[in-house]
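The values are calculated or read from the model by the stated rules, or taken from the named source; none is laboratory data. What you are looking at is a predicted structure, and each value in this text was computed from that prediction instead of being measured. So basically every Cβ, Gly included, is an ideal-geometry build from the backbone, and we count neighbours across all protein chains shown. In case anyone asks, the SASA skips ligands and DNA or RNA and just uses the protein heavy atoms, side chains included. Shrake-Rupley method; radii C 1.70, N 1.55, O 1.52, S 1.80 Å.
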Amino acid sequence: MEKQAKTNGNIVAIITMFFLFAMISFVTNLAAPLGTIWKNHYEWAGMMGNFMNFFAYLIMGIPAGNLLVRIGYKKTALLSMAIGFVGIVLQYLSSIVGADVAVFSVAGGEVMLDFIIYLLGAFISGFCVCMLNTVVNPMLNLLGGGGNRGNQLIQAGGSCNSLAGTLTPLFVGMLIGTVTPATAMSDVSPLMFIAMGVFVIAFIVIACVNIPEPHLQKKGAKKVSYAHSPWSFRHTVLGVIGIFFYVGIEVGIPGVLIFYLSDSKASGIEINATAVAGAVAAIYWLLMLVGRLTSSVISGKVSSRTQLIATSTAAIFLIVLAIVLPSSLRVSMPAYSVEEGFAMAQVPVSALMLVLCGLCTSVMWGGIFNLAVEGLGKYTAQASGIFMMMVVGGGVMPLIQNYIANNVGYMVSYWLPVAMLAYLLFYAVAGSKNVNTDIPVEDDVDALNM
């Protein structure tokens, strides 16, 4: 009976982690479509909300990992929900205050207070998703018992992440419609209210669920000694770099694609360009869902290393095709607009190649994380915090890519993801091997007796 109760408790914990995975994607994927509004006011601002969202990881990554040890998974998740609610409230406030108050000047134009409030809200939301990521990845890896089974659970949770990622840009694109100089944050205020409600519901649900606390330091318990750190493991250090590049790839591909398709002059889409861009980007996240569901089925038999090699190679091939194929070559892809509903839209074939990359990027996070923490034992919680710091790559690299896109060309900017994918291929082939097996990693924690 005790074993059955423990199994049921683990199932509830797994479902809760899946839900948190969806929350991560929901908050993160608000940034790119909302960026199309601000880009129309400030040409340089398209990726700034996304940058602030991910910049928070750099500051919160290590503290979030420490929180797991000090207050546990559940309290860390609850705190993140409260912080996320505050971030969404601030983004909503940017739609009703500050539009007539100038703060400073950039590139010959005035930056208004409403944009500063929005960036602050995106920054605080970044704290939320950083903390959630710190919770769900090691928790699912632990609940799965590490190895292929741990990766399998991370990929299954990632499927929920992709589902939310599919719906978010599609929904925001529907609300925005065609972006004009008059389009403002107030046009998507209903989405902000929905987001606030989701955070409240999530807080209540998590508060009622029992979550295992394997790394929680209990009063009176013998303190675990840490003679080394995750930085002592070469495969972990290289994996940290891999996570930095991977998140830049995952965010940059659809982020710049949205700007490309929204630009009628570049993409040739003259009607409802922003709505079409949102719908096409949603397909990228839908394919990530398909890829993660597939991976969750095969990961018990196919290693993380093999999956990372295959997907990195395929993604490089697809992006190079997108770069070299002429924009005049068109293909029909499904889109949605308020005026016309669901319809097929003619888009450059390069968009299709980039969207297909979603099948590849879908499995990379789980694969890199799984390979990088393999054999870390008691250092896993600390490593999770470090990985969360490096998620800042999702803000830094797309910002660099967007700069290249604005100054050289949208398709040329995709050589940056190609270079980062080449590194991931190297990591899968050689860098992921643990060469520091002589370091003691005994963990005093009961690994849930899976």
- Query: Out of the range 403-427, which residues are of a type in the set (Gly, Ala, Ser), assigned to a helix (DSSP H, G or I) and either buried (at least 24 other Cβ atoms within 10 Å of the Cβ) or modelled with pLDDT under 95 (or both)?
  - Reply: Ala405
- Restricting to the range 391-402, what's the tally of residues that are open to solvent by 10 Å² or more (accessible area, probe 1.4 Å) and either in contact with a Pro (Cβ under 6 Å, 6 or more places away or on another chain) or modelled with pLDDT of 90 or more (or both)? 2
- Task: Within the range 435-450, track down each residue that is at pLDDT 70 or above, open to solvent by 40 Å² or more (accessible area, probe 1.4 Å) and in contact with a His (Cβ under 9 Å, 6 or more places away or on another chain).
- Result: Val435, Pro440
- Query: Scanning the range 147-197 for residues that are under 18 Å from the mean Cα position of the chain (by Cα) and of a type in the set (Val, Ile, Thr), which turns out modelled with the lowest pLDDT?
  - Reply: Val172
- Condition met for Val320 (under 30 Å from Ile241 (Cβ atoms), among the β-branched types (Val, Ile, Thr) and part of a loop (DSSP other than H, G, I, E, B)): no
- Query: When Ile269 is evaluated against the numbered criteria (1) at pLDDT below 85; (2) open to solvent by less than 30 Å² (accessible area, probe 1.4 Å); (3) part of a helix (DSSP H, G or I); (4) closer than 23 Å to Ile323 by Cα, which criterion, by number, is the only one it fails?
  - Reply: (3)
- Scan the range 14-34 and give yes if some residue there is farther than 19 Å from Asn161 by Cα, of a type in the set (Gly, Ala, Ser) and either open to solvent by less than 20 Å² (accessible area, probe 1.4 Å) or modelled with pLDDT under 80 (or both), otherwise no. no
- Of all residues in the range 48-100, which are over 25 Å from Pro190 (Cβ atoms), among the β-branched types (Val, Ile, Thr) and open to solvent by 40 Å² or more (accessible area, probe 1.4 Å)? Ile59, Ile62, Ile71
- Could you grab the pairs with beta carbons closer than 6 Å, sequence gap of 6+ or different chains, first residue in the range 63-78 and in contact (Cβ under 8 Å) with a residue 40 or more places away in the chain, second one open to solvent by less than 40 Å² (accessible area, probe 1.4 Å) and polar (S, T, N, Q)? Ala64/Thr134; Gly65/Thr134; Gly65/Ser384; Leu67/Thr76; Leu68/Thr76
- Has the range 326-333 got any residue that is touching a helix residue (DSSP H, G or I) at 6+ places or on another chain (Cβ under 6 Å), in a helix (DSSP H, G or I) and buried (at least 16 other Cβ atoms within 10 Å of the Cβ)? no
- Query: Within the set of pairs 6+ apart or on separate chains, which have a first residue in the range 229-242 that is under 10 Å from Gly431 (Cβ atoms), a second that is part of a helix (DSSP H, G or I) and open to solvent by 10 Å² or more (accessible area, probe 1.4 Å), and C-beta atoms under 7 Å apart?
  - Reply: His235/Leu371; Val237/Trp231; Gly239/Leu371; Gly242/Tyr423
- Message: Pull out all pairs, ordered by first then second residue, where Cβ-Cβ is under 7 Å, the residues are six or more apart or on different chains, the first lies in the range 193-206 and is among the aromatic types (Phe, Trp, Tyr) and assigned to a helix (DSSP H, G or I), and the second is open to solvent by 40 Å² or more (accessible area, probe 1.4 Å) and at pLDDT 85 or above.
- Response: Phe199/Phe85; Phe203/Ala82
